[in-house]
Structures are given as structure tokens and as C-alpha cells.
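Okay, structure first, notes after.
We did not get these values from a lab; they are worked out from the coordinates using the rules stated. Predicted model, so just to flag it, every value in this text is computed and none were measured. For neighbour counting, all protein chains shown are included, and Cβ atoms are generated from backbone atoms with ideal geometry for every residue, glycine included.
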């Protein structure tokens, strides 16, 4: 599925209810991996996964070989989300009031996600026996 934009909503930390829309951002490839995105009053939270169901061995292999350092180098905080059916991560970063700057930050993340997913699926190719 091709996405043309992502909408960032502000969520109340206490009630978990949506407070308001902060902006709509034009995005490029990579947005199809994003499952949730919101601002919690402190950080922007972006959840993303593999955008497809994976086999059990792939689940372990993807978490083992996924390049989280690429996100840290780009000043994103990333953590694994263990309680999902497919490999899932949470990325956090500061909200920027300037729409163009925020759009650039989100697009950079989308590109990084896509590149990382393509790489990890290439990296696990042929490793089924190691992870069964």
C-alpha cells in the first residue's frame, strides 16, 4: 500500500485519549511499515513492524540481525516491542513545531525503516536452519 501522508495526533498520557491533530506530513517509501504514530506530550512515538507475517524462525532472526544502531546514529531512540505477533519496534524522538523540519524528520525515519527492513530480510536469507 502506498501512503501519501501520515497524520500526527497528540495523545494524553493519563487518559490515552486523542487530544488534537498536530499535523499531516507527506511521506515517501517506508511509511507502509508504520503501524502507529502519536505524540505523548514528551516524545513522538512511532511503532513499525515487518509489514508482513513472518515465520517463527524469521521472528528470531529478524530481531537478532536488525540494525538498531542505524537508528541511534540518526538520533532516534529505538526499542524492541516483544508482545506483538510480528517483529515490532518503537522509535521515539522530539517533536518539532516547524512543519517542514518535522516532515523531514518523519521522512528520514521512513527511509531508514525501509532500508533497514530490506537489509534485514536480505540478511536472514538462507539462515532458516540456524534459527529452527
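Just a few scattered comments:
- Search result, residues across region 18-32 that are in contact with a strand residue (DSSP E or B) (Cβ under 7 Å, 6 or more places away or on another chain) and assigned to a loop (DSSP other than H, G, I, E, B): 27
- Within region 24-52, being under 16 Å from residue 96 (Cα atoms), surrounded by fewer than 17 Cβ atoms within 10 Å (Cβ to Cβ) and in contact with a helix residue (DSSP H, G or I) (Cβ under 7 Å, 6 or more places away or on another chain) holds for one residue alone: 26.
- Residues being surrounded by fewer than 19 Cβ atoms within 10 Å (Cβ to Cβ) and within 18 Å of residue 26 (Cβ to Cβ) - total across region 104-132: 5
- Filter result for residue 60 (under 14 Å from the mean Cα position of the chain (by Cα) and either part of a helix (DSSP H, G or I) or free of Cβ contacts under 8 Å to residues at least 24 places away in the same chain (or both)): no
- Restricting attention to region 1-17, the residues that are in a strand (DSSP E or B) and under 30 Å from residue 60 (Cβ atoms) total 1.
- Residue within region 73-82 that is touching a residue at least 40 places away in the same chain (Cβ under 8 Å), surrounded by fewer than 19 Cβ atoms within 10 Å (Cβ to Cβ) and within 11 Å of the chain's Cα centre (by Cα) present: no
- Every listed requirement among (1) in contact (Cβ under 8 Å) with a residue 12 or more places away in the chain; (2) within 18 Å of residue 53 (Cα to Cα) is met by residue 118 save one, (1).
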